[in-house]
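Here the structure is laid out as structure tokens; the discussion comes afterwards.
The values are calculated or read from the model by the stated rules, or taken from the named source; none is laboratory data. Model, not experiment: these values are computed from the prediction. Using ideal geometry, Cβ is built from the backbone for each residue, glycine included, and neighbour counts are taken over all protein chains shown.
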Amino acid sequence: MSCDESLKCRICKQIFIEPKFLPCGESACLKCLPKLDKFECLFCNEIHIVPQNGFTTNKILSKLLDNLNSKMIDKKDYAKELEKQIEQLNLKKNSFELEIIEHFKSIINEIDISA
């Protein structure tokens, strides 16, 4: 199982949302678990009785996902900042190009006048 796959619920195939530990050691999204007192597990085929307070949250997986999510947000913010800087550099480059063109035009004009 790849790292990407280990961050996905095996039921919905999406990145875990509120991952819960099952008695067999597997994890599933809270929304993917049946809203019953007991159910047959899709992973081990055993009957799991749902505790009164529900299954325990997989805190390690939740923290890992939160950490990855915040890093992704940081990278998106960094990418936006880089895009702004690139845009500013392109504006400066265009301005310098215009200055150079105007300078060469004036030199060509001086050459034409003196010739």
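Structure values in brief
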{"item": "Members of the stretch 21-62 found to be free of Cβ contacts under 8 Å to residues at least 12 places away in the same chain, assigned to a loop (DSSP other than H, G, I, E, B) and under 28 Å from the mean Cα position of the chain (by Cα), listed by number", "result": "G25"}
{"item": "Residue selected from the stretch 11-36 under the condition modelled with pLDDT of 90 or more and out of contact with any strand residue (DSSP E or B) (no Cβ under 7 Å at 6 or more places or on another chain), by the criterion farthest from N67 (Cα to Cα)", "result": "C24"}
{"item": "Test: N67 is closer than 23 Å to C12 by Cβ and not acidic (D, E)", "result": "yes"}
{"item": "Which listed residue is in a helix (DSSP H, G or I) and under 16 Å from the mean Cα position of the chain (by Cα), from L98, L89, L65", "result": "L65"}
{"item": "Considering residues of the stretch 9-20 that are of a type in the set (A, V, I, L, M, F, W, C) and touching a residue at least 40 places away in the same chain (Cβ under 8 Å) only, the residue surrounded by the fewest Cβ atoms within 10 Å (Cβ to Cβ)", "result": "I15"}
{"item": "Scope the stretch 43-65; condition surrounded by 14 or more Cβ atoms within 10 Å (Cβ to Cβ) and among the hydrophobic types (A, V, I, L, M, F, W, C); matching residues", "result": "F43, V50, F55, L61, L64, L65"}
{"item": "Sole exception among (1) within 32 Å of the chain's Cα centre (by Cα); (2) among the charged types (D, E, K, R); (3) surrounded by fewer than 10 Cβ atoms within 10 Å (Cβ to Cβ) for D112, by number", "result": "(1)"}
{"item": "Members of the stretch 1-20 that are charged (D, E, K, R), outside any loop (DSSP other than H, G, I, E, B) and under 17 Å from the mean Cα position of the chain (by Cα)", "result": "D4, E5, K8"}
{"item": "Boolean, I73 is more than 18 Å from the chain's Cα centre (by Cα) and either assigned to a loop (DSSP other than H, G, I, E, B) or without any contact (Cβ under 8 Å) to a residue 40 or more places away in the chain (or both)", "result": "no"}
